[in-house]
Amino acid sequence: MTDPRLHALALSTPGDGPAVVARAPARVNLIGEHTDYNGLPVLPIAIDRDVLVAARRRPDDAVELSNVDPAFEPRHYSLRGEIPPFPPGDWANYHKAAAVGLRDALAREHALPGGSFRVHGTIPIAAGLSSSSALVVACGLAHLALADVELPRLELAELLAGAERYVGTLGGGMDQATTLLARAGHALHIDFFPLRARPVPVPTAAGFVVAHSLEPAEKSGRVRGLYNQRVVECRLACALLARRTGVAATRLGDFPDRVALLADLARLLPETEVPASALPELLGLTPDEVRVRVLGEATLAAPGRFALQRRVRHVLGEADRVAAAEQALQRGDLAALGDLMNAS
């Protein structure tokens, strides 16, 4: 049966031409925290909460955004020239992220048209269900439909994962891939660099309780700094491990023998937090090289100190738990899956 929300949302979208409607579901990551950007797998599921975006094409390059929820004020901008972000935390930056990414990717073959976009969402905001990525994906799908362009889902997931960094979060691609590739009744095993995904059947007896902790996780605020901190700590740890082992690795997932790496971690990485002032000597780089090649410009929660050994222990152990969780699902061993989730 057709979702009645689709018709109502299309009718409320400004403009006279035909309307398109795109949907992007929320996701819950069963296991695999901070592994995606390290080139290691994750095991998420999609759930029934979603973002819907209706759109009508405009004859110019203007974008009009509105939201069914009056808490999100209308926004307007042009696709012409540079597209600077609205102030941090503005909901419309997620549409801009999709638009900038698509415009730049399609520039040689297609012009991204202007449009009127109307948004309706049922995903709790700042609740860890990736409402922001769902908004980016739904806006991207709607804008592609207005341009009469269709991209393979894997390609689009990678494109939009990169595009979402426009808002300042150093994400790895799990959220966009899950939103675009998940199947009903299945978890999704996702590998990265290159992006690959395969469905993993979930036993019919399984049930997942998704509860709200009431602790907000605003990607534009403190939580973004905490997330980015872990990304940078993993980069630093990888660079130091590569230097000390002689392995040409750019991500933790590039090391061929993770068991041996874990066993030798106490020798290879400092146990205590590393001050920023010690990084150049540890990495054999100048301070400017550390800043440009490793730290970047992202907002960090604690830019003066970095926990390297602890971060690597979690990431490599988590990759093993992802593999074990998939095996537990295949066996139908939900108790084992629960134990792994508790250990995550």
Show me, for the stretch 321-330, the HN-Hα J-couplings you get by feeding each phi into the Karplus relation (A = 6.51, B = -1.76, C = 1.60, θ = phi - 60°), rounded to Hz, glycine and proline as x. 5, 4, 4, 5, 5, 4, 5, 5, 4, 5
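In whole Å and largest first, what semi-axes does the C-alpha gyration tensor of the stretch 62-127 yield when each eigenvalue is scaled by 5 and square-rooted?
Gyration-tensor ellipsoid for the stretch 62-127: 23, 12, 12 Å.
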Once amide H atoms are built 1.01 Å from N in the peptide plane, which residues 5 or more positions from ASP50, or in another chain, come under 5 Å H to H? ALA26, THR122, ILE123
Per q in 0.14, 0.17 Å⁻¹, report the Debye log10 I(q)/I(0) for the stretch 4-201, using one uniform scatterer on each alpha carbon and no solvent. -0.75, -1.11
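Kindly provide the helix-only [θ] at 222 nm of the chain, computed as the sum of -39,500 (n - 2.57) over DSSP H runs of four or more divided by all residues, to the nearest 500 deg cm²/dmol? It would help to have the intermediate numbers written out before the result.
On the way: 12 runs with 133 residues, N = 344.
Value at 222 nm, helices only: -11500 deg cm²/dmol.
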What's the FRET efficiency of THR250 with VAL28 using the Cβ-Cβ distance as r and R₀ = 25 Å, to the nearest 0.05? 0.30
Exposed-loop-free span, longest in the chain, where GluC sites (Glu not before Pro) count as exposed if DSSP calls them loop and at most 13 other C-beta atoms lie within 10 Å: 1-81
State the Kirkwood hydrodynamic radius of the chain in Å, one decimal place, computed from all pairs of distinct Cα atoms. 21.4 Å
Among SER116, SER12, SER133, which comes first, then next, by fewest other beta-carbon atoms within 10 Å? SER12, SER116, SER133
What are the extents of the Cα atoms of the stretch 222-319 along their three principal axes, listed from largest to smallest and rounded to whole Å? 33, 29, 22
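Classify the stretch 177-254 as rounded, prolate or oblate, taking a ≥ b ≥ c as the square roots of the eigenvalues of its Cα gyration tensor: rounded when a/c is under 1.5, otherwise prolate if a/b is larger than b/c and oblate if not. Kindly include the intermediate steps, with their values, before the conclusion.
Numbers: a/c = 2.80, a/b = 1.39, b/c = 2.02.
Note, shape of the stretch 177-254 comes out oblate.
Rule-based calculations on the coordinates, nothing more; no lab input. In this text the structure is predicted, and so the values were computed from the model without any measurement. Quick reminder, even Gly has a Cβ in these numbers, built from the backbone with ideal geometry, and neighbours come from all protein chains shown.
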